[in-house]
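Following: one structure in structure tokens, then a few remarks.
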Amino acid sequence: MEKCLLSVDWDYFISCKKENLISYIENDRTAVDLWYKRYFQDKARGINIQEYYRLTVDVDKFWSKIKKVFRFPEDVKVYVSDSHSLSYFLAQDNGCDTVFLFDAHADLGYGGPQSLDFEVNCANWLGKLLQNKFIKEAYIIYSPFTSEKPENFVFMNNNYNIRYLGLEDLKTGTEISVVHICRSGAWTPPWLDQKFFKFVNGLGFPYKLIKCPPRKWDTKHITFSDQLNYFLA
């Protein structure tokens, strides 16, 4: 029987001003320190970084819409992490044939086929699953806030079974074996973390938390020394 991974990136629900769309590698600095650095840099220019980011109101309706399309068995496996690269290993370890990806990024690898020569990371995990033939097909459902287009991935589209669809275009009744929800902390702001976990709990299934530590966001009690450290981040 076909096994499917449903992979959802938190950035699917977040819009931000175009000038703020910056790619980062993933580590503790980009998930926390750089957010403080950017906050204080913008504050010095009279800008509140928190006004750049908006969480779509549709986030509260997402799971009800998803459950009209997919079937979730009682023993469905659910994982929550910070990095989206975990999806690679979940698909491989659970013998998944198909990935359904809800994301602002396709994660097929950026910079051409040579990007798949790198180790598995948040930017190429889906491309490597296809290249290594761990999965047969991928369905990418882009965020309405994405700046990407399918034609950005001509090589991948020509060589692998990839389809770009809307939620309303998906075939109903497909059973999901594994769910992965990732926070993508390098791209999504810490002040939305409480809403992130509310979203996670909204699925209604128990989940396993893997390398997704809480992020403290407190701009009112930052010492001058801390600010200097953040500027050096």
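Considering D42, D33, D117, the condition of being loosely packed, with under 15 Cβ neighbours inside 10 Å and either under 18 Å from Y207 (Cβ atoms) or out of contact with any Pro (no Cβ under 6 Å at 6 or more places or on another chain) (or both) is satisfied by D117 alone. All of Q50, Q92, Q114 fail the test of being modelled with pLDDT under 95, outside any loop (DSSP other than H, G, I, E, B) and touching a Phe, Trp or Tyr at 6+ places or on another chain (Cβ under 9 Å), apart from Q50. Could you tell me whether any residue of region 67-76 is touching a helix residue (DSSP H, G or I) at 6+ places or on another chain (Cβ under 8 Å), at pLDDT below 95 and closer than 29 Å to N132 by Cβ? The answer is no; no qualifying residue exists.
Yes/no matrix, rows are residues, columns are (1) under 16 Å from S143 (Cβ atoms); (2) of a type outside the set (K, R):
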{"residue": "S15", "(1), (2)": "yes, yes"}
{"residue": "K43", "(1), (2)": "no, no"}
{"residue": "V57", "(1), (2)": "yes, yes"}
{"residue": "K65", "(1), (2)": "yes, no"}
{"residue": "V69", "(1), (2)": "no, yes"}
{"residue": "D97", "(1), (2)": "no, yes"}
{"residue": "L101", "(1), (2)": "yes, yes"}
{"residue": "D107", "(1), (2)": "yes, yes"}
{"residue": "P113", "(1), (2)": "no, yes"}
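Do we have any residue at all in region 150-171 that's among the acidic types (D, E) and under 18 Å from the mean Cα position of the chain (by Cα)? Checked region 150-171: no residue is among the acidic types (D, E) and under 18 Å from the mean Cα position of the chain (by Cα). T30 meets all of the listed conditions (1) more than 25 Å from K171 (Cα to Cα); (2) in contact (Cβ under 8 Å) with a residue 12 or more places away in the chain; (3) touching a helix residue (DSSP H, G or I) at 6+ places or on another chain (Cβ under 6 Å) but one, namely (3).
Cβ-Cβ contacts under 9 Å between residues 6 or more apart (or on different chains), taken from a first residue in region 157-174 that is within 17 Å of D103 (Cβ to Cβ) and in contact (Cβ under 8 Å) with a residue 12 or more places away in the chain to a second residue that is among the small types (G, A, S) and surrounded by 13 or more Cβ atoms within 10 Å (Cβ to Cβ), are listed as Y160/G127; Y160/A138; I162/A106; I162/A138; R163/A138; Y164/A106. Say whether the condition of being at pLDDT below 95, under 29 Å from W217 (Cβ atoms), surrounded by fewer than 14 Cβ atoms within 10 Å (Cβ to Cβ) and out of contact with any Pro (no Cβ under 7 Å at 6 or more places or on another chain) is met by at least one residue in region 58-66. Yes, because at least one residue in region 58-66 is at pLDDT below 95, under 29 Å from W217 (Cβ atoms), surrounded by fewer than 14 Cβ atoms within 10 Å (Cβ to Cβ) and out of contact with any Pro (no Cβ under 7 Å at 6 or more places or on another chain). A count restricted to region 155-177 and to residues that are of a type in the set (A, V, I, L, M), closer than 24 Å to L116 by Cα and either surrounded by 17 or more Cβ atoms within 10 Å (Cβ to Cβ) or modelled with pLDDT under 95 (or both) stands at 2.
The values are calculated or read from the model by the stated rules, or taken from the named source; none is laboratory data. Please read these numbers as outputs of a predicted model, since none were measured by experiment. All Cβ positions, even for glycine, are placed from backbone atoms using ideal geometry, and neighbour counts span all protein chains on display.
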